[in-house]
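S.K.: Just passing along the structure, written as structure tokens.
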Amino acid sequence: MSDAVPAVDNKVRVLVLQHPQEQDHALGTAGLLVRTLAHARLAVGLSWRNLGHALGEPAEVRDWGVLYLGSAHAAGQGPLVAVDRKGESLPDQEMALAGLKGLVVLDGNWAQAKALWWRNAWLTKLRRFVVVPDGPSLYGNLRKEARPDAVSTLEAVALALSAVETDTTVRERLLAPFRELIREARAAGIQGGKRDRRRRR
């Protein structure tokens, strides 16, 4: 498995900050995302000194963005909207994307992602982007989310990269292994990350 060729040779790097309580979730997508992308890193923890510390190498904050918690006033503007500190859409979206070299993504449920945001003040120095889903999560009833518009980490990154990469097939190539994970989970009777005992006989 470790020598498998990643399905997506992404130009914009992805750094996933994963809350420790999320790493053992049966239906988590961060590990799958990192294996599918050629240029991605998974960092598990609660806080890091700065972007370079989390990334494991020097990095300039001006070159990176973060998928921000919250929804922009951006109906119809998706799939990725650059926002200011108040969550309002920036007037020049093209300029907001110019020179973007990486995206930080917070992995965990809503409360865990908020904890990561508040414990890492350096995140506020990054460009802020909001993903605007064009439909419900592929999770369906397999995993409950705090918000009806919430999608998995992998789905959010797939949407984001589809907006910044020139290859229009990036999203589907990222979603393909996730669809397989969902099929396997349903076949195994997993609900909310746990196996449904009623189906074990």
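The values are calculated or read from the model by the stated rules, or taken from the named source; none is laboratory data. In this text, all values refer to a predicted model and were calculated from it rather than measured experimentally. Every residue, glycine among them, receives a Cβ derived from its backbone with ideal geometry; neighbour counts consider all protein chains shown.
S.K.: For the stretch 23-38, state whether one or more residues are buried (at least 18 other Cβ atoms within 10 Å of the Cβ), touching a Phe, Trp or Tyr at 6+ places or on another chain (Cβ under 7 Å) and more than 18 Å from Ala150 (Cβ to Cβ).
M.R.: No, the stretch 23-38 has no match at all.
S.K.: Now for a different question. Can we say Arg85 is among the charged types (D, E, K, R) and at pLDDT 95 or above? Give the derivation first.
M.R.: Working: among the charged types (D, E, K, R): yes; at pLDDT 95 or above: no.
No: the conditions fail for Arg85.
S.K.: Among Leu69, Leu46, Leu32, which is at pLDDT below 85 and not in a strand (DSSP E or B)?
M.R.: Values: Leu46 fails: at pLDDT below 85; Leu32 fails: at pLDDT below 85.
After ruling out the rest, the residue left standing is Leu69.
S.K.: Please go through the stretch 15-55 and pick out each residue that is in contact with a helix residue (DSSP H, G or I) (Cβ under 6 Å, 6 or more places away or on another chain), of a type in the set (A, V, I, L, M) and under 18 Å from Leu161 (Cβ atoms).
M.R.: The answer is Leu15, Val16, Leu17, Ala30, Leu32, Leu33, Ala40, Leu42.
S.K.: Working only within the stretch 100-137, note down all residues that are without any contact (Cβ under 8 Å) to a residue 40 or more places away in the chain, touching a helix residue (DSSP H, G or I) at 6+ places or on another chain (Cβ under 9 Å) and farther than 20 Å from Leu37 by Cβ.
M.R.: Applying the first criterion (without any contact (Cβ under 8 Å) to a residue 40 or more places away in the chain) to the stretch 100-137 yields 111, 118, 121, 124, 135-137.
Imposing the further condition that a residue be touching a helix residue (DSSP H, G or I) at 6+ places or on another chain (Cβ under 9 Å) reduces the set to 124, 137.
Within the stretch 100-137, just Thr124 meets the criteria.
S.K.: Then there is this: Return the pairs, sorted by first residue and then second, in which the second residue is modelled with pLDDT of 90 or more and not in a helix (DSSP H, G or I), the first residue lies in the stretch 154-177 and is among the acidic types (Asp, Glu), the beta carbons are less than 8 Å apart, and the residues are 6+ apart or on different chains.
M.R.: From residues that are among the acidic types (Asp, Glu), the pairs are Glu165/Asn10; Glu165/Lys11; Glu165/Val12.
S.K.: Would you say Arg171 is closer than 27 Å to Leu46 by Cβ and either modelled with pLDDT of 75 or more or of a type in the set (D, E, K, R) (or both)?
M.R.: Values: closer than 27 Å to Leu46 by Cβ: no; either modelled with pLDDT of 75 or more or of a type in the set (D, E, K, R) (or both): yes.
Judged against the criteria, Arg171 is not a match.
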